[in-house]
Amino acid sequence: MYRIDLPELGFAERWRDATRLLLSHDIAPDAIIWRFGGGGDLFACDPLPGEVGPRRATVSRPLNDLAGSVLCHQEAEVPALLYSAFHRHQSDRRAIANPADPLTRRLERLAKAVRRDIHKMHAFVRFRELPTETSRRRFGAWFEPEHRIVEAATPFFAKRFADMDWTIATPAGVARFENGALSFHPAAQRPDVPEDACESLWATYFQNIFNPARLHLKAMQSEMPKKYWKNMPETQLIPEMLAQADRRVAAMRAAQPASPPSRASGILKRLAEGAPGSVDSLEAAADAARVCRRCGLCEAATQTVWGRGDPSAPLMIVGEQPGDAEDLSGQPFVGPAGKVLTEAMGEVGTGPVWLTNAVKHFKFTPRGKRRLHQTPSRDEVLHCRWWLDLERKFVKPRLTVALGATAAFALTGNDAPLAPRRGTIERTPDGGQVLLTWHPSYVLRLTGESAAVARRSLKVDLSLARRLVAETSG
Amino acid sequence: MRRTLQDKLAILSDAAKYDASCASSGTTRRDSRSGGIGSAGGSGICHAYTPDGRCISLLKILMTNFCIFDCAYCVNRVSSGVERARFTPAEVVSLTLEFYRRNYIEGLFLSSGIIRSPDDTMADMVRIARMLRRDHGFKGYIHLKSIPEASPELIEEAGLFADRLSINIELPKDASTRALAPQKKPETIRAAMANVRLARDASRERTHTGKRPARFAPAGQSTQMIVGADQANDRDILSTSVRLYAGYDLKRVYYSAFSPIPEASAALPLIRPPLMREHRLYQADWLLRFYGFDVNEITAPTLDGNLDLKVDPKLAWALANRGVFPVDVNLADRDTLLRVPGFGTRTVSRILNARRSGLVRYGDLLKIGALMSKAKPFVLTPDWSPRAMTDADDLKARLEPPPEQLSLF
C-alpha cells in the first residue's frame, strides 16, 4: 500500500510527480491511497520507490487537459479516479476518446463542474478598493469557490488587472498580485474588506437594467446559483426587485401616454422639411430613386444603385441589375462583371460614358452566407423603366449599349432571344439608337473557348459603339 | 436641479434595457500584461443576472435619452414625457473603468438617443470609445450601437475602437419601419450595415505591401428586431434575418419581444411581451444557421406562417415530416442526425466520435447527452425501434409540455 498526501496549494504538481513515478513501476490503482491535507498516520504504508521505474508512462493531450481540470474537483476520490484513468491509458488508448465510455463520461462531468466553477469565479469575484500608499491602486475580494480552483482561476485576473494590486482570499488559499507578480498563500481568516462607494452605483445599475415585465427567475438562478450570492452585493436587492416587479409593470400599463413635451412639435417639423421636390434634373432623379418603392425589390436589397459616370456623355451603357458587390457599395459595375466590362472598355478606348442598370435594386435569394443573383421579372423591369427613361432624358446619349437580354428588353421593349440580335442596332420607342451585346456576366459564366469568343464579341461591339459615337459627333 | 451621477445612471440604464444584445465574446485576444487595463477574447463572461433571467456582461447605457426621432415603440422618442438625462463623455469613461476594475463588467455597450444631429451624436460616442482605448489603454470589450444616419467616416472610425458595431433594423418589414419610425429609413439602415460589412472585409485583406490593416470591429456586427409590435409573422421575421445574415455577414440577429414601455405610444398595443415567441424565433434562427434548415421548411408546419408555440421548431418540423424517420443512428450522416429532435450539434459530434469505437446503443445515446425523451420516436439503434410510435396520431400531444407550463408566458 502506498499513500500520497496532497497539499492544498500545489496539489496538481504533487499529483503529477507521484503519478509519473507510480506508473513507471506499473503500480495498480487499488494499491494507492490519495489524501488531501495529510494528518494522522492510520496505516502503515510502504515508502514510495526512490527511483523512476522501467516503464515510460505516456499520456495523450486530451487526457492531460482533462486531468488539469478534474484534479481541482473537491470530491475526495478524484485523485484516485484520475490515476485509474492514467493507468488504464497505458494499455487502452482509445477509451478516453469514446464519449460513451463510463469513466470518460465521469471525468468529463467532473471537469465540466470545475470549469464552470472557474468561469463563475471569473464572473462573480467582486473587488473592493483598499487604501494604498503607492501609485498602484489596491483591491481586495473574498470568494468561496466550490472546488480547489484558486491556483487555476487567478492567472486570469493577473492578465486582466495587471496595472493594480489585488488580493483574492478564499477558504482554501489566498492569491496575491503585487507589482506584477502572482503568489499563493495558505488560507487565513476571512479578511475584513471595507465598503466601497462604487457599490451603490453598481446597485443602481443592477436595479434599473432589469425589465420587470420579463420575470424569469429560473433562468437567473440556473446561471447565478444561490451558493455564490453571499459574496455578491447586488443579490441583496433581488427580493425587493421581485416584490416591486408587478407594481412597476402595472404602473407602466396604467400610465396614459402623456401629451408630448413642448419641444417635440418643433423638432419633428424641422425633420420633416427637405422632402424631395420635383424631378427636374439628374441629381433630383437620383434622390427620388433612392426611396423608390415601385416594386417589392427595395424590401430585400440594400439600396438603390443609381448610374455613375459623365452625365453629359454621348454614350450610355445599360446592364441588367446590380449584383452583390454593387448592392453593398451602392455603385454600379464594381463587382466581377463590372471588372470584365471595365477591362473591355479600357482595351477599346471607350470615351466618356454613363454606366447604369435596367433595374436599380439587387434581386437575390439568400443561401447561407451568400446571396444568389436572380433575374428580375418582366414587371420589375417595367417598373424600373421609369428611372431608366429619366436617366436617358437627362443624359441624352447619342447611343445606348444594352448589355444582355434584360437591358435589351428594358430599352427596346422587345424580349426576343438575344443571340441573333447581338451586334445589331435597334430603336427605343422614342427613336433612340440601341446597340445590343452580351452582358459581361455571361462571359464569366462561360468557360474555355466559348468564353474567349464571347469576350471578343463584347469588345467588337464596344469598339463599334465607340466608332458610332465618334461619327455622330461630327 | 442638477442630477447626480447616480440619478443619471438610473435614467440612462433604465432606458437601455430594451436592447437584448449583451455578448462580449469572439473578439481579438488581448490583455493588459503589456500595459493598460483589461482583457478580452475567447468566450464572454456574464458577471451577474437580473431576475428577468438576462445576464449583465457589459455596462449597457445610453449616452443620452434625449432624442429628436419619434419611433412609436421606443420609450425615448421625442414625444414621450419620460425623464431625460445626459452623461458627459468623461462620466461614461469613468463609470466603465471603475465598474471594470471591480470586476462587475466585461466592458461597455454604448447606445444613444439622437441629439442635435446623427453625426454629432455618433461623434460623441466615438470620442468615448477613443478616450477609453487611447487615453486609458482599455483592453476590455466595447460595443457601439451605431447611428445609421451618421456619416460613413464616423462609422469607419468607430470600428477601429469598438469590438462590435450594431445597427438595429428594428422592425422586420420596411412598411412597419416607415409607419412606426417615420424618421428612420430602412434603406439607410441597410446601407449602413453594408458599409460596416465592406469595412470589415477590407480590414481582413492584406494590402499590396503585405501589411495587415487595423482590425475593424473584430467581433462583427449584429442587429436587433422587435417582435410583436407590428403584424409581421414569423416567416417574415426569419426571412428578413436570413437576408441580413447573407448580405451583411452578421454575427447575430437579436429578437426582442415588444415589452410594455412607460409612456407608451397610443399607436401600439399594451401587450404582455411575447416571450415564448421570442424563444421560438431564437431556436429557429439556430436551425437556420447551424442545422441546415431553410425558412420555408421551418414555417411550413403551421398555416399562418408563425412558429408553433407548444413545441420547438425542429420537433414541429419532424412531426410534419415523419416520412424521413426513424433514422438509424449508426448509419445516418451528420446532416440527417442534425435533423433529429433532441440531438444538438454537440450530441451529433459525440455520436460520430462514439461510432468509431463500435455500435452506438440506446444507453450510449443517454450517456452522450442526447435528449431521448424527444428523440426516441425518431431514431433506430440495435436495441431500440420506435415501431408504430413514429406515426402515432397522438405523438405530438405526448411530446408537448403539459399545458400549465405555458401559463408562465
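Which of B:Tyr18, B:Tyr291, B:Tyr362 moves the most in a Gaussian network model of chain B with Cα springs under 10 Å?
So, out of B:Tyr18, B:Tyr291, B:Tyr362, the one fluctuating most is B:Tyr362.
When only alpha-carbon atoms are used, what values of Rg and Dmax, in angstrom, describe segment A:267-396?
In order Rg, Dmax, the Cα atoms of segment A:267-396 give 15.7, 55 Å.
In terms of modelled amide H atoms, which long-range or inter-chain residues lie less than 5 Å from the amide H of B:Ile169?
B:Gln224
Report the chymotrypsin sites (Phe, Trp or Tyr not before Pro) located in segment A:163-266 that are in a DSSP loop and have at most 13 other Cβ atoms inside 10 Å of their Cβ, or state none.
none
What is the order of B:Ser79, A:Ser135, B:Ser34, fewest Cβ neighbours within 10 Å to most?
A:Ser135, B:Ser34, B:Ser79
What residues have an amide H closer than 5 Å to that of A:Glu8, excluding those fewer than 5 places away on the same chain, when H is modeled at 1.01 Å from N in the peptide plane?
The answer is A:Gly37.
Who wins for biggest fluctuation among B:Gly210, B:Gly81, B:Gly247 in a Gaussian network model of chain B, springs between alpha carbons below 10 Å?
B:Gly210
Considering Cα pairs under 8 angstrom that are at least six residues apart, work out the relative contact order of chain A and quote it in whole percent.
Once normalised by length, the contact order is 8 percent.
Which values of log₁₀ I(q)/I(0), to two decimal places, follow from the Debye formula for segment B:313-408 at q = 0.12, 0.21 Å⁻¹ with a uniform point scatterer at every Cα?
Treating every Cα as an identical point scatterer, log10 I(q)/I(0) equals -0.37, -1.04.
Run the dipole for segment A:412-458 about the Cα centre, Lys and Arg Cβ at +1, Asp and Glu Cβ at -1, nothing else charged, and hand back the magnitude in debye, nearest 20.
180 debye
Which angle between 0 and 90 degrees, to the nearest 10, do you get for helix A:336-348 versus the longest principal axis of chain A when only C-alpha atoms count?
Helix A:336-348 sits at roughly 40 degrees to that axis.
Summing +1 for each Lys or Arg and -1 for each Asp or Glu, what net charge is found among the other residues whose Cβ lies under 13 Å from the Cβ of A:Ala169?
Taking every Cβ under 13 Å from that of A:Ala169, the sum is +2.
If you restrict to DSSP beta bridges whose two residues both lie in chain B, what percentage is antiparallel, to the nearest 5?
Beta bridges within chain B, antiparallel portion: roughly 15 percent.
Alpha carbon centre of segment B:91-153 versus segment B:370-399: separation in Å?
Comparing the Cα centres of segment B:91-153 and segment B:370-399, I get a distance of 52 Å.
So what is the relative contact order for segment A:282-473, in percent, with contacts set as C-alpha pairs under 8 Å and at least six apart?
24 percent
Please express the Cα-Cα pair-distance distribution P(r) of segment A:50-97 as a list of whole percents, one per 10 Å bin, running from 0 to the bin with the greatest distance.
Spelled out per bin, shortest first, that is 24, 50, 25, 1.
Choose one answer from B:Asp294, B:Asp383, B:Asp236: the residue with the largest mean-square fluctuation in a GNM of chain B with alpha-carbon springs under 10 Å.
Answer for the Gaussian network model of chain B: B:Asp383.
Could I have the simple spin-label model distance between A:Ser24 and B:Thr302, label points 7 Å from Cα toward Cβ, reported in nm to one decimal?
My value for the distance between the label points is 6.7 nm.
As I understand it, the dipole of chain A uses +1 on the Cβ of Lys and Arg and -1 on the Cβ of Asp and Glu, about the Cα centre. Which of A:Trp34, A:Asn208, A:Val150 lies farthest toward its positive end?
A:Asn208
Taking Rh as the Kirkwood radius computed over C-alpha pairs, what is the Stokes-Einstein D of segment A:2-121 at 25 °C in a medium of viscosity 0.890 mPa s, expressed in µm² per second?
It diffuses with D of about 163 µm²/s by this estimate.
Kindly write out, for segment A:355-368 in residue order, the coupling ³J(HN,Hα) from the Karplus curve 6.51 cos²θ - 1.76 cosθ + 1.60 (θ = phi - 60°), rounded to whole Hz, with x marking Gly and Pro.
My calculation for segment A:355-368 gives 9, 7, 10, 5, 10, 8, 10, 6, 10, 8, 10, x, 9, x Hz in order.
Given the -39500 (n - 2.57) contribution per DSSP H run of 4+ residues, what per-residue ellipticity at 222 nm results for chain B, rounded to the nearest 500 deg cm²/dmol?
So the helix-based figure for chain B works out to -10500 deg cm²/dmol.
I'd like to know which of B:Leu338, B:Leu319, B:Ile61 lies farthest towards the positive end of the charge dipole of the protein assembly as shown, counting +1 on Cβ of Lys and Arg and -1 on Cβ of Asp and Glu.
B:Leu338
At a Förster distance of 22 Å, what's the computed FRET efficiency of A:Arg248 paired with A:Lys227, Cβ-Cβ distance as r, to 0.05?
Working from the Cβ atoms, E equals 0.15.
Given the Cα atoms of the protein assembly as shown, and with Rh set as the inverse mean 1/r over their pairs in the Kirkwood sense, what is Rg to Rh to two decimals?
Checking Rg against Rh, the ratio lands at 1.03.
Given a cut-off of under 8 Å on Cα pairs at least six residues apart, what relative contact order in percent is computed for chain B?
Answer for chain B is 11 percent.
With angles folded into 0 to 90 degrees, how steeply does helix A:448-473 sit against the dominant principal axis of chain A? Use alpha carbons for both and round to 10.
50 degrees
With equal scatterers on the alpha carbons only and no solvent term, can you work out the Debye log10 of I(q)/I(0) for chain B at 0.06, 0.13 1/Å?
-0.29, -1.16
Using DSSP to define loop residues, name the trypsin sites (Lys or Arg not before Pro) in segment B:211-259 whose beta-carbon has at most 14 other beta-carbon atoms within 10 Å.
Qualifying residues, ordered by number: B:Lys211.
Given a cut-off of 24 Å, name the pairs among A:Lys218/A:Lys369; A:Lys227/B:Lys17; A:Lys120/B:Lys139; A:Lys120/A:Lys159; A:Lys269/B:Lys185; A:Lys227/B:Lys8 whose C-alpha atoms lie farther apart than that in the structure shown.
Distance filter (> 24 Å) returns A:Lys218/A:Lys369; A:Lys227/B:Lys17; A:Lys227/B:Lys8.
With charges set only on the Cβ (+1 for Lys and Arg, -1 for Asp and Glu), what does the dipole of chain A come to about its Cα centre, in debye to the nearest 20?
Charge dipole, chain A, about its Cα centre: 1280 debye, nearest 20.
7 Å from Cα along Cα→Cβ at both A:Thr342 and A:Arg270: what's the point-to-point distance in nm?
Calculated label separation equals 4.1 nm.
Using only the C-alpha atoms of chain A, find the volume of their convex hull and express it per residue in Å³.
Dividing the Cα hull volume of chain A by its residues yields 325 Å³.
Please work out the C-alpha center-to-center distance from segment A:3-74 to segment B:40-58 and express it in whole Å.
38 Å
Does segment A:198-253 come out rounded, prolate or oblate by the C-alpha gyration tensor, with a ≥ b ≥ c the root eigenvalues, rounded set by a/c under 1.5 and, if not, prolate when a/b is larger than b/c and oblate if not?
Oblate shape, in that a/c is at least 1.5 and b/c is the bigger or equal ratio.
If you build the Cα gyration tensor of segment A:282-473 and take the root of 5 times each eigenvalue, what three semi-axes come out, in whole angstrom, biggest first?
Each semi-axis is √(5λ); the values are 24, 20, 15 Å.
Would you report the distance distribution of C-alpha pairs in segment B:5-216 as whole percents per 10 angstrom bin, up to the bin with the largest distance?
Whole-percent P(r) values from 0 Å outward: 8, 33, 37, 18, 3, 0.
Relative to the Cα centre, what is the charge dipole magnitude of segment A:282-473, using +1 at the beta carbon of each Lys and Arg, -1 at the beta carbon of each Asp and Glu, and rounding to the nearest 20 debye?
About 260 debye.
Nearest 5 is fine: what % of DSSP beta bridges in segment A:125-185 come out antiparallel, could you say?
About 70 percent, rounded to the nearest 5.
Based on alpha-carbon positions alone, could you give the equivalent ellipsoid semi-axes of segment A:313-357 from the gyration tensor, as √(5λ), descending, whole Å?
Whole-Å semi-axes of the equivalent ellipsoid: 19, 12, 7.
If I take R0 = 41 Å and measure r between the Cβ atoms of A:Asp46 and A:Ala97 in this structure, what FRET efficiency does the formula 1/(1 + (r/R0)^6) give, to the nearest 0.05?
After rounding to 0.05, the efficiency reads 0.75.
Give me the mean projected area, in nm² to one decimal, of the convex hull enclosing the Cα positions of segment A:125-185.
3.9 nm²
Along the positive direction of the dipole of the protein assembly as shown (beta-carbon charges: Lys, Arg +1; Asp, Glu -1; about the Cα centre), which of A:Ala250, B:Gly41, A:Gln236 reaches farthest?
B:Gly41
Add -39500 (n - 2.57) for each DSSP H run of 4 or more in chain A, then divide by its residues: what number comes out at 222 nm, to the nearest 500 deg cm²/dmol?
-13000 deg cm²/dmol
Round to the nearest 10 and give me the degree value, 0 to 90, for the angle of helix A:78-89's Cα axis relative to the longest principal axis of chain A.
70 degrees
What is the list of residues in segment A:420-436 whose amide nitrogen lies under 18 Å from a point 7 angstrom out from the Cα of A:Val453, following Cα to Cβ?
A:420-424
Would you mind checking which residues have amide H under 5 Å from A:Gly323's amide H? H placed 1.01 Å from N; only 5 or more apart, or other chain.
Sorted by chain and number, the residues that satisfy this are A:Phe333.
Put a dot 7 Å past each Cα toward the Cβ at B:Met389 and B:Ser94; how far apart are the dots in nm?
Roughly 6.4 nm, to one decimal.
From the P(r) of segment B:216-268, could you give the percentage of C-alpha pairs in the tail past 17 Å?
46 percent
Rule-based calculations on the coordinates, nothing more; no lab input. Just so it is clear, the model here is predicted, and its values are computed rather than measured. Counting neighbours? That spans all protein chains shown, and the Cβs are built from the backbone with ideal geometry, glycine included.
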